[in-house]
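What follows is calculated from the coordinates using simple rules that are stated; it is not laboratory data. Only a predicted model underlies this, so the values are computations on that prediction, with no experimental measurement involved. FYI the Cβ positions are ideal-geometry reconstructions off the backbone, even for glycines, and counts take in every protein chain you see.
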Amino acid sequence: MSKRFALDDDRVAVVIGSGAGGGTLAAELGAQGIDVVCLEAGATPTLEQNVPAVYGRTRWRDPRTVEGDLNPDLPTLIAKAVGGTTVFWTAVTLRRQPHDFRSRTTYGALPGTSLIDWPIGYEDLEAFYAEAERRMGASGLHGKPDVPDHNNGEILKIGARRCGYRQVSNGHLSVNTVPHDGRPQCRQMGFCTGGCVIGAKWTSLQAEIPRALASGRCELREQAQAVQIEHDARGRATGVVYVDARGERRRQRARAICVAANGIETPRLLLLSQSGRFPQGLANGAGQVGRHWMTDLLGRVIAIMPGPVHNYRGTTNTGLVADGMHHDPTRGFAGGFLYASRGIHLPVWPNEWQPTEWGADYSRMLEQYPNMASAAVIGEDMPVADNRITLDAEIKDAHGLPVAHLAKRYHANDLALMDHALKNGEQIYRAVGATEVFTAMSRTVIHNLGTCRQSRDPADGVCNAWGRTHELPNLYISDGSQFSTSAAVPPTLTIVSLAIRQARHLAEQLKSNAI
Amino acid sequence: MKHADFDFSPRRRRLLAGSVAAAVGAALPPGRAVAIPAVPPSRTASLVALTRTLFPLAVFGETLHATAAAQIAERCAAEPALDALLERSLAALPAGWRDAPPAAREAMLRKADPAFVKLLRQSAVGALFGAPDTWPHFGYPGPSLPFGGYLDSKLVDLPWLKEAT
């Protein structure tokens, strides 16, 4: 049952954010017997099978300023809600490949990038990957059945096989193909991106936060937006100032603080917490906070087929082509990519494809919705030091604090990779008779990574192999911000695995009074 | 910074349906209060012509475009800056544009203030593609929860694709 802790209780660990990283961390710290206060900026979302309505209510709407290649009106589509962006996710649950932890060594010095190797290797995470897959009930793994085939996925898979691809499957989705963890079997309803109304999809909202509360060690405070992390004269983090639902500022004392506020708000919070001792912001002595922002490369292939597709039926991302995941420099770029089928509901169709387009030609395409098949491309995004989150010099948020300024320009490697993936994606659909194929790189992104990255050398990043900041011994980075590099796979399984690993480590540190 | 207005929950749709009825002068059930701004008929007609220029799909009839027009008018009534943008942008359109052929109207709108086009588009997408009445024309059934999802039905039915089972 939900516990209550006093604001001046300085024995607790404070977790900022309740998404894939924060929710898992809170649950796992609770399981380890650690008292936790979880601060969540958003409220508990109401889910329904109406994706635009759910997006409208739960999207992160705080103002941001944008510079570079992303859509200035909607640079990122992430949630401000209990459960974070796991509410919207499509549950693709894939491990990074071993070489994805040795990016600098594998790719060499790509001019213009700030590539490093991770301070951990695949072998450090392997057992946690397996544990996270079991915990999330990933389909096709550890005895769980595959998700069933559906039209949109079959079209992608058959086309891929005709083109000679071999790593063609239904992938692994964290949706329950059998009842699991107190949640029901997936009914193949579609609407994954608006949140699963029956809880068959793993989300932090429906799996980890309930687990955290059931531990009897966790208090969740909703609509509590962290605005500053405080520290003492010794340089130890001491508490978090947050704004509560009534707009009042509160201060929660803490023994350890874990920041899992998404790759934009996590660095913003550290920058907002500047002080006399940390004039550039917390953990930013090396000037690394907010830099190396990676979004993953997202693309879309839309194909008009000779007959009806019913692409809205079933799990959004059933159907995976993974041949492109490996690193093959002969293709003319570093890193890899994959294709996953992507169902689209009619009400979001005009915006999901080209959020600003209109007119007679576009309408003729929209009209062909019944015969539309679609796949998403996800690809590795190279770190660039100047792709970064900073504090805006002029614009302030509702609390009078500088908003995040987002600067992102895609590297030549990114554009070469996406060009290759989209051209080959078109061929897949041509091979199954597509009459028209439309391709584009998305300028609205979902994954925000690398902005407080792990590094062996404190000069190269913000935190160490456990996510602990190089500068403050009891301040941790617990979300995708800690990624040293991105990969061809979506980040969620890795975020969850890192959170489990970090929780065990932190619990040990706290129990042994090392912190 | 403005974001797309994606809100077309059922409750809001009902309110809008009322607004449209008032905007196009249809009879309302007695005693029904409809809090909408007075929209001059010429402005409504212009907005309808504009949303039709954005999305000239045959399945979207006059009533749906009027819904979109009413939604735009409602937003502008609530935000003076948007209202000024709308007024300014409508006034800048050439005389007689509403009777111009579709291609000419599209060319005209491509030269208009992008902020104006964005305002029109945001409301038009929600009102047109979010309208359950038109979903059957797209073969889209809407929510699947009422019938329990597709798990027990045939999820692969692609008669035009021989390899599909």
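A few comments on the model shown:
- The range A:161-207: C-alpha gyration tensor shape, a/c 1.5 cut-off, then a/b vs b/c: prolate
- Calculated FRET value between A:Y122 and A:D244, using beta carbons and R₀ = 51 Å, to 0.05: 0.75
- Between A:T444 and A:A398, the contour length at 0.36 nm per residue exceeds the alpha carbon distance by 14.2 nm.
- Our estimate of slack between A:D181 and A:A214, defined as 0.36 nm per intervening residue step minus the Cα-Cα distance, is 10.6 nm.
- Cα-based shape type of the protein assembly as shown, given that a ≥ b ≥ c are square roots of the gyration tensor eigenvalues and the cut on a/c is 1.5: prolate
- When only the Cβ of Lys, Arg, Asp and Glu is charged (+1, +1, -1, -1), the dipole of the range A:345-467 relative to its Cα centre reaches about 160 debye.
- Residues listed by number, the range A:37-68, amide nitrogen under 19 Å from A:R4 label point at 7 Å toward C-beta: A:37-40
- Farthest toward positive dipole pole in the range A:166-315 [+1 Lys/Arg, -1 Asp/Glu at C-beta], among A:Q167, A:H292, A:A200: A:H292
- Across the range A:150-277, Cα pairs under 8 Å and at least six residues apart give a relative contact order of 13 percent.
- Computed helical MRE - 222 nm, chain A, DSSP H runs ≥ 4 contributing -39500 (n - 2.57), nearest 500: -7000 deg cm²/dmol
- Taking Cα centre as origin and charging only the Cβ of basic (Lys, Arg, +1) and acidic (Asp, Glu, -1) residues, the dipole magnitude of the protein assembly as shown rounds to 660 debye.
- Estimated dipole of the range A:413-496 in Debye, rounded to 20 [Cβ of Lys and Arg +1, of Asp and Glu -1, Cα centre]: 100
- Look at the stretch A:358-366: the mean tally of other chain Cβ atoms within 10 Å of its residues' Cβ atoms is 6.
- Average beta carbon contacts from partner chains per residue of B:145-155, 10 Å cutoff: 6
- Relative contact order %, the range A:359-440, counting alpha carbon pairs below 8 Å whose residues are six or more apart: 22
- Whole-Å distance, taken between Cα centres, linking the range A:1-40 and the range A:290-361: 36
- Once both labels are positioned 7 Å from their Cα atoms along Cα-to-Cβ, the gap between A:R162 and B:F147 label points is 2.9 nm.
- Rounded to the nearest whole Hz, the Karplus-based 3J(HN,Hα) values (6.51 cos²θ - 1.76 cosθ + 1.60, θ = phi - 60°) of the range A:154-162 follow the sequence 4, 4, 4, 5, 5, x, 5, 5, 4, with x at glycine and proline.
- Ranking A:S114, A:L70, A:A26 by how far each Cα lies toward the positive end of the dipole of the range A:1-123 (charges on Cβ) leaves A:L70 at the top.
- Contact order for chain A, expressed relative to its length and based on alpha carbon pairs under 8 Å spaced 6+ residues apart, stands at 25 percent.
- For the range B:47-165, fraction of C-alpha pairs farther apart than 25 Å, in %: 40
- A dipole drawn for the range A:141-258 from +1 and -1 charges on Cβ atoms has a positive end, and of A:N176, A:A224, A:M189 the residue lying farthest that way is A:A224.
- Here the label points at A:A431 and B:A77, each 7 Å from Cα along the C-beta direction, are separated by 5.6 nm in the simple model.
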